[in-house]
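A.B. asks: There's a structure below that I have some questions on.
The values are calculated or read from the model by the stated rules, or taken from the named source; none is laboratory data. Not measured: the values here are computed from a predicted model. Here the Cβ is made from the backbone with ideal geometry for all residues, glycine too, and neighbour counts use every protein chain on show. In case anyone asks, the SASA skips ligands and DNA or RNA and just uses the protein heavy atoms, side chains included. Shrake-Rupley method; radii C 1.70, N 1.55, O 1.52, S 1.80 Å.
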Amino acid sequence: MTSEQAAALLDDTLDLVHLRLEHLHRRQQGADGRALEAEFREWRHPSGPEIDLVLCPSPS
């Protein structure tokens, strides 16, 4: 994966997270929203110049 592809993947993922947070907010599911925000906090506000990612194999 190129740097550009990785950046696009992160951007797309954060867009989906944002949509999910809006959905949870509309359904008044604050606890689920806070858990999701905590999960992606490092992606939104990285502590350094790099974001640690764990690569998972594709399902067979």
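A.B. asks: Search the range 1-20 for residues that are farther than 16 Å from D52 by Cα and pair each with any residue that is at pLDDT below 85 and open to solvent by less than 70 Å² (accessible area, probe 1.4 Å) when their beta-carbon atoms are under 6 Å apart and the residues are at least 6 apart or on different chains.
C.D. replies: Once the first residue is farther than 16 Å from D52 by Cα and sits in the range 1-20, its partners that are at pLDDT below 85 and open to solvent by less than 70 Å² (accessible area, probe 1.4 Å) give V17/F40.
A.B. asks: Something else: Which ones in the range 1-41 are exposed (fewer than 12 other Cβ atoms within 10 Å of the Cβ) and charged (D, E, K, R)?
C.D. replies: Of everything in the range 1-41, those that are exposed (fewer than 12 other Cβ atoms within 10 Å of the Cβ) and charged (D, E, K, R) turn out to be E4, D11, D12, D15, E22, R26, R27, E39, R41.
A.B. asks: Still on this structure, please answer the following. Contact list please: Cβ distance under 8 Å, first residue in the range 33-58 and at pLDDT 75 or above, second residue open to solvent by 80 Å² or more (accessible area, probe 1.4 Å), pairs at least six apart or on different chains.
C.D. replies: What qualifies is G33/H25; L36/R20; E42/D52.
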